[in-house]
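Working notes, beginning with the structure itself.
Taken together, the values in this text are just the output of simple stated rules run on the coordinates, not laboratory data. Since the structure is predicted, the reported quantities are computational estimates derived from the model, not experimental observations. Backbone-built Cβ (ideal geometry, glycine too); neighbour counts: all protein chains shown.
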Amino acid sequence: MSDVDVSSVIQWGVAMRTLSGERESGDLHVVKSAGPGVLAGVVDGLGHGAEAASAARAAVAVLDQHAHEPLLPLLQRCHRALLGTRGVVLSLLLFDGAAGSMTWLGVGNVEGVLLHADAAGRPARTNLVTRGGIVGSELPRLRAQVCTVVPGDTVILATDGIKEHFAEGLPRDASPQQLADHILARYGKGTDDALVLVARYVGGAGMMA
């Protein structure tokens, strides 16, 4: 079976800013076809500077190479690869267009919010729960969470270079890229690397030939 076309499952955008005075960012992202689904994630190397960036790149390399694995084994693989590094915190999402579902798993303080397109009978947004720890150092007991998504549902992942409450007062009808740019401009702290990834579920499972 060929990999799904990312654009048939999600629309997405990313905005990032490197801490002033640093040459590279420790905050990175990945968006990649993963068989019938799409893997999206945000990685934050601890601290900032070259060592944080090196740890984040190592994690992204694992995610990119092994994107077809389920989230829990994938995160455990990242943990083993990062032993001896500064370590990272991360949040991972797996969208399944055929099942209309999203699976998420996170370690540390990459904050995630799911904004529901149709809030009838449920809250307008759901905070994605992560567990404390450091990938590459202290991995907690983990269990991936699965929820149903419908077209228009939007997930925002933000590193700790973004202030809290970033999901409040967002512009209506904005594209994922416009939302990412808006959040970074309005809520970026300026005291750390910062990254925002926005993924909007569009549904479908159009497979590439």
(request) For each of HIS29, HIS66, count neighbouring Cβ atoms within 10 Å of the residue's Cβ, then give the residues from fewest to most. (result) HIS66, HIS29
(message) Given the -39500 (n - 2.57) contribution per DSSP H run of 4+ residues, what per-residue ellipticity at 222 nm results for the chain, rounded to the nearest 500 deg cm²/dmol?
(response) -6000 deg cm²/dmol
(message) Neighbour counts of other C-beta atoms within 10 Å: give me MET16, MET102 arranged from fewest to most.
(response) MET16, MET102
(request) Arrange VAL89, VAL30 by Cβ neighbour counts within 10 Å, fewest through most, would you? (result) VAL30, VAL89
